[in-house]
Amino acid sequence: MINVGLIGFGRYGKKYYSHINQNNKFRIIKILRKNKKNSKVFTNNVEKFFQIKNIDLYIIASPTYSHFRYLNLAMKKNKNIIVEKPLVKTKEEFIKFKKNLIQYKKIILINHTDLYFKSFLELKNKIIEIGKIKEIKLSYGKKDRYFLKNIKEITDLPFYEWLSHPLAIINFLFKQIKFKIEVKENQINKNKFLIQKLKIFFISDQIKIKLYFSNNYKQKKRNLRINGALGSLTYRGYNKKNKFILTKKNQEINFGFKNENSIENLLNNFIDKFYVNKFIDDRKIICKTMHQLFDISKNIK
């Protein structure tokens, strides 16, 4: 049994809580939240929460600004960690944390949602079938007025919370490639709503990638298309039936595993790593993704 200390009980904290309760490999010992409820499982006392000895895994699902504090407290206890994206709020926090992140001997996973679909491994294996890659396009974003309320700095804008997903995909598919990043931004204030549109170009000698982002798409977008000389691969994250498509000679072939849930897959991925002495997690992808996120931030007004 893996004993869990859950940090945060908002939208994502509740999702973790639900999936943990459905998985007989996990047990919640205590939940740290801002407002204490009349229940033995909840506490708002940070010091006492981190003094609990029998916790194997901390899951950090609190707001991004609090991640740095909780990550450091969890590391001092030498525990395994799952953290919601993005890893930390500022570049200064990341610089301070990066050395510890790389050297840490326990499991650290960040919920780069898409990567925990088993189908993504299959997509990566199928790239060879479409021949030499000509172009890659990613479109991510949705209409969301939540971020308008408390925008005080760049890292309060929607791109900072959402771009971790497509950046993680790029780093998952092309681990060995270094990219130069160029950003074109357009911001419009419309009816007191900040509309943000980004075009991000990843340029290297080996491959070119275009990433489009907006917080004002009429329909939610979580799309990837890889065009090759012999065909194309498509991922549509919000399409429950046909997420993964291989197109060759004008014929579409659906592939992948149906009814996958990212948090469930993430927890199962953790289980696989927890019960072996040697493991490989995604901290290299975490580092590259954070570096790219800060590079993009430099180009945002």
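If I filter region 161-179 for residues that are part of a strand (DSSP E or B) and either in contact with a strand residue (DSSP E or B) (Cβ under 6 Å, 6 or more places away or on another chain) or surrounded by 17 or more Cβ atoms within 10 Å (Cβ to Cβ) (or both), do I get at least one hit? Scanning region 161-179, I find no residue that is part of a strand (DSSP E or B) and either in contact with a strand residue (DSSP E or B) (Cβ under 6 Å, 6 or more places away or on another chain) or surrounded by 17 or more Cβ atoms within 10 Å (Cβ to Cβ) (or both), so the answer is no. The condition (being surrounded by 15 or more Cβ atoms within 10 Å (Cβ to Cβ) and at pLDDT 90 or above) is satisfied by just one residue among Leu233, Leu194: Leu233. The residue that is farthest from the chain's Cα centre (by Cα), among those in region 204-246 that are without any contact (Cβ under 8 Å) to a residue 60 or more places away in the chain and more than 21 Å from Trp162 (Cα to Cα), is Asp205.
Scoring Ser214 on the criteria (1) under 30 Å from Lys301 (Cβ atoms); (2) small (Gly, Ala, Ser); (3) surrounded by fewer than 17 Cβ atoms within 10 Å (Cβ to Cβ) leaves a single failure, condition (3). Against the criterion of being surrounded by fewer than 17 Cβ atoms within 10 Å (Cβ to Cβ) and either assigned to a strand (DSSP E or B) or at pLDDT 85 or above (or both), Gln187 qualifies.
Please find, within region 269-301, the residue that is farthest from Tyr238 (Cα to Cα) out of those that are in contact (Cβ under 8 Å) with a residue 40 or more places away in the chain and of a type in the set (S, T, N, Q). Among those that are in contact (Cβ under 8 Å) with a residue 40 or more places away in the chain and of a type in the set (S, T, N, Q), it is Asn299.
Condition check ((1) touching a helix residue (DSSP H, G or I) at 6+ places or on another chain (Cβ under 8 Å); (2) closer than 30 Å to Gln103 by Cα) across all residues:
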| residue | (1), (2) |
| --- | --- |
| Ile177 | no, yes |
| Ile188 | no, no |
| Asn215 | yes, no |
| Ala229 | yes, no |
| Thr234 | no, no |
| Lys241 | no, no |
| Asp272 | no, yes |
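Scanning region 207-219 finds one or more residues that are over 19 Å from Leu293 (Cα atoms), out of contact with any Pro (no Cβ under 6 Å at 6 or more places or on another chain) and modelled with pLDDT of 90 or more. Considering region 27-41, and only residues there that are within 20 Å of Met1 (Cβ to Cβ) and loosely packed, with under 14 Cβ neighbours inside 10 Å, the residue that is nearest to the chain's Cα centre (by Cα) turns out to be Val41. Just one of the numbered conditions (1) free of Cβ contacts under 8 Å to residues at least 24 places away in the same chain; (2) surrounded by 13 or more Cβ atoms within 10 Å (Cβ to Cβ); (3) under 19 Å from Ile271 (Cα atoms) is not true of Asn44; which one? The number of the failed condition is (3).
Among the criteria (1) under 11 Å from Asn3 (Cα atoms); (2) surrounded by 14 or more Cβ atoms within 10 Å (Cβ to Cβ), the one Asn54 does not fulfil is (2).
The values are calculated or read from the model by the stated rules, or taken from the named source; none is laboratory data. Here the structure is a predicted model, which is why all the values come from computation and not from measurement. Heads up, the Cβs are rebuilt from the backbone with ideal geometry, glycines too, and the neighbour counts pull from every protein chain shown.
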